1. Based on the Cβ-Cβ distance from His258 to Ser16, what FRET efficiency comes out when R0 is 35 Å, to the nearest 0.05?
2. Report the normalised scattering of the chain as log10 I(q)/I(0) at q = 0.11 Å⁻¹, calculated by the Debye formula with identical scatterers on the alpha carbons.
3. Quick one: check the C-alpha center-to-center distance for segment 94-171 versus segment 359-388, whole angstrom.
4. With an 8 Å Cα cut-off and a minimum separation of 6 or more residues, compute the relative contact order for segment 67-202 in percent.
5. Order the peptides 95-102, 114-121 from the highest to the lowest mean number of other Cβ atoms within 10 Å of their residues.
6. What's the ranking of 209-215, 162-168 by average number of surrounding C-beta atoms within 10 Å, highest first?
7. Quick check on packing: order 130-137, 389-396 by the mean number of other C-beta atoms within 10 Å, highest mean leading.
8. In terms of Cα to Cα distance under 20 Å, which lysines are near enough to Lys267, apart from those fewer than 8 places away along the same chain?
Amino acid sequence: MNPHLARLCQLAQQPSRRIIGLMSGTSLDGLDVALCRLEGSGPGTRLTLEQFVTVPYSDDVRLRVRRVFAQGQVSLEELTLLNAWLGTLHGQLVLDCLQAWGIDAAAVDAIASHGQTVYHAPEHQHQRPDYSLNATLQIGDGDHVAVRTGIITLSDFRQKHIAAGGEGAPLAAYGDFLLYSQAGEERLLLNLGGIANFTYLPASLDAATVFSTDTGPGNTLLDAFVQQLYPQHRYDPDGALAASGTVDSVLLAALLDHPFFQAPLPKTTGPELFGPAYVRAAQERSGTFDLAPTDLLATLTEFSAHGVALAAQLAFGPSPQAAVYVSGGGMHNPTLLAAIQRHLPACRFADTHALGVAPDAKEAVLFAVLANETLSGSAVSIGAGRQRVPAVTLGKISLPG
Ligand SMILES: Nc1ncnc2c1ncn2[C@@H]1O[C@H](COP(=O)(O)OP(=O)(O)OP(=O)(O)O)[C@@H](O)[C@H]1O
Ligand SMILES: CC(=O)N[C@H]1[C@@H]2OC[C@@H](O2)[C@@H](O)[C@@H]1O[C@H](C)C(=O)O
């Protein structure tokens, strides 16, 4: 037997596994690296986060990814080169982290590598009648991660979700359900990344009603316009710029005038739709090109908050009541958080520290949980009766040799 396959079978049978979750999101801020100890699988899964770091991307990495990111037309050569280059880079960053933590690669059972989404194309968004399907593309090939690190690597988690009827995202629902459901408490786990999403976890623990959905932009538009208008900043520091501006209700109405916000849940989106061109088009339609920079940022912050509130209201009626646990970089933006809280006055808010996981680490942890299920669990069955929440194990397995 191939010794790597023997190792794979062995680790699938272990009572616990050490898995590194890797996530590089739409904000292109860096690679999240979460070293997790996972005991058991399925609803009995127990997680210990042993180490976590976000390795910031250099300007060079960001520039390379931006050349192919969320655009309809890119150089095929660039994309091909970047796929291999990013895989190798992510593998090397894992080795650097392990060295910094004083941990031998042989002490890690597997890597769960999300890769970098470069294009997300759910059918409702891609406008191509000749392709009646959902599609998505993550690069940073898993074979390169496995060979560079010598660690069995699971990657490309989104394809099977689509093959089985989903949109390839959000995948958070599976891990959120296994780790963070609590009998007696209605929970929304709200992730404020580049794109915002939430997972609903019912107080009844009834898996059939669990789902996660994107709600629209989180930080992506804010970041894009901060970088244009204030080149010294990558994001609105602590929401201060938006806090000093005034929301323009005319532009806000134009921004909200898109069928995405009324479409049934669950649904996904990305910067392919919610990019700078979307805002420029809304400004043109509404005659609001001459807004002061801080007013534009205030309006974009309010737009993200509205998206979250609209999705929650679609799911739970006009006044949703739940305990909301916030994660993702947007939780460091008090202006955005305050706007969301204003829209959801009957909800109680905390961050995911209250659930035992650092808000910046949560998404990388969730990919470690998905890999753990593929290795040792079974297809997590949630959302029964809802379309687009298939019960499948996710990820492709790369052997290091
Ligand atoms: N102190 C802060 N003030 C305001 N915003 C902040 C702060 N710290 C982080 N952010 C926001 O968080 C973003 C990074 O968020 P995060 O790492 O969750 O995104 P991501 O993982 O790339 O997104 P996604 O979940 O969409 O893939 C930054 O680009 C910025 O917009
Ligand atoms: C296609 C894609 O990469 N989607 C991401 C993105 O970032 C946030 C939101 O949009 C979410 O749908 C998803 O990531 C999280 C981790 C998910 O799948 O749950």
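The values are calculated or read from the model by the stated rules, or taken from the named source; none is laboratory data. On a predicted model such as this, the values are computed, not experimentally measured, just so you know. All Cβ positions, glycine included, derive from the backbone under ideal geometry; neighbour counts span all protein chains shown. All accessible areas refer to the heavy atoms of the entire protein, side chains included, with ligands and DNA or RNA removed. Shrake-Rupley method; radii C 1.70, N 1.55, O 1.52, S 1.80 Å.
1. For R0 = 35 Å, the calculated efficiency reads 0.15.
2. -0.77
3. So the separation of the two Cα centres works out to 13 Å.
4. Values: 184 pairs, mean separation 29.3, N = 136.
Once divided by the residue count of segment 67-202, the mean separation gives 22 percent.
5. On the way: 95-102: 13.6, 114-121: 23.9.
Put in order of decreasing packing, that is 114-121, 95-102.
6. Result, highest mean Cβ count within 10 Å first: 209-215, 162-168.
7. Details: 130-137: 14.1, 389-396: 19.6.
Packing proxy ranking, top to bottom: 389-396, 130-137.
8. Correct list for Lys267: Lys160.
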